[in-house]
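Peer 1: Let me give you the structure first, and then I'll get to my questions.
The values are calculated or read from the model by the stated rules, or taken from the named source; none is laboratory data. Here the structure is a predicted model, which means the values were calculated and not measured. We place every Cβ from the backbone using ideal geometry, glycine too, and count neighbours over all the protein chains shown.
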């Protein structure tokens, strides 16, 4: 690297990693004992691999923070620590910030409807999130088969409907690239699982 270039990631990313780890310290992946931070790291990595910038990578680490860890107060803290753009991306990836959450199908339908109008940064982080979740489903399917679907409110049909709808909304928005193409491949695999 040329000494005149700025590093891709700064101490802001490190600070976000610590913050995300603290926020989700007691959380595990659905139906497992896998620490939740593994998902957040994977999403941030996919964002960076897709050419995302530091704000988008930070949003990848924090994309579930508003929804799962404090709602509006957490949104304000993200804005304070990491800036308006990161907060806007995280908010755009949030399907609900209220407790109790609205019914699953209603939340997902509203998210799908606003997805094509979201910023390209929101779409990048969201596609990275969906891709990692779908990959995790494939990994779970290898060991749990049909029981994999029992841990999801939408079950097999609802979950696949949601992923397929996100893919269609992304295409409607003009998205292309490896996140979308790999998501399509993984979803097709899941659709073909017996």
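Peer 1: Going by the conditions given, is residue 73 in a helix (DSSP H, G or I) and more than 17 Å from residue 123 (Cα to Cα)?
Peer 2: Against the criterion (in a helix (DSSP H, G or I) and more than 17 Å from residue 123 (Cα to Cα)), residue 73 qualifies.
Peer 1: With at pLDDT below 95, surrounded by fewer than 19 Cβ atoms within 10 Å (Cβ to Cβ) and out of contact with any helix residue (DSSP H, G or I) (no Cβ under 9 Å at 6 or more places or on another chain) as the only criterion, which of 143, 120 stands out?
Peer 2: 143
Peer 1: I'd like the full set of residues that are more than 16 Å from the chain's Cα centre (by Cα) and either in contact (Cβ under 8 Å) with a residue 12 or more places away in the chain or within 26 Å of residue 102 (Cα to Cα) (or both), limited to the stretch 161-174.
Peer 2: 161, 168, 172, 173
Peer 1: Being surrounded by 13 or more Cβ atoms within 10 Å (Cβ to Cβ), touching a helix residue (DSSP H, G or I) at 6+ places or on another chain (Cβ under 9 Å) and either without any contact (Cβ under 8 Å) to a residue 60 or more places away in the chain or farther than 28 Å from residue 12 by Cβ (or both) narrows it down to one of 191, 157, 91, so name that one.
Peer 2: Of the residues listed, the single one that is surrounded by 13 or more Cβ atoms within 10 Å (Cβ to Cβ), touching a helix residue (DSSP H, G or I) at 6+ places or on another chain (Cβ under 9 Å) and either without any contact (Cβ under 8 Å) to a residue 60 or more places away in the chain or farther than 28 Å from residue 12 by Cβ (or both) is 91.
Peer 1: Does the stretch 24-38 contain any residue that is buried (at least 16 other Cβ atoms within 10 Å of the Cβ) and farther than 23 Å from residue 140 by Cβ?
Peer 2: Looking for residues that are buried (at least 16 other Cβ atoms within 10 Å of the Cβ) and farther than 23 Å from residue 140 by Cβ, one finds none in the stretch 24-38, hence no.
Peer 1: Is it true that some residue in the stretch 29-44 is more than 30 Å from residue 146 (Cβ to Cβ) and part of a helix (DSSP H, G or I)?
Peer 2: yes
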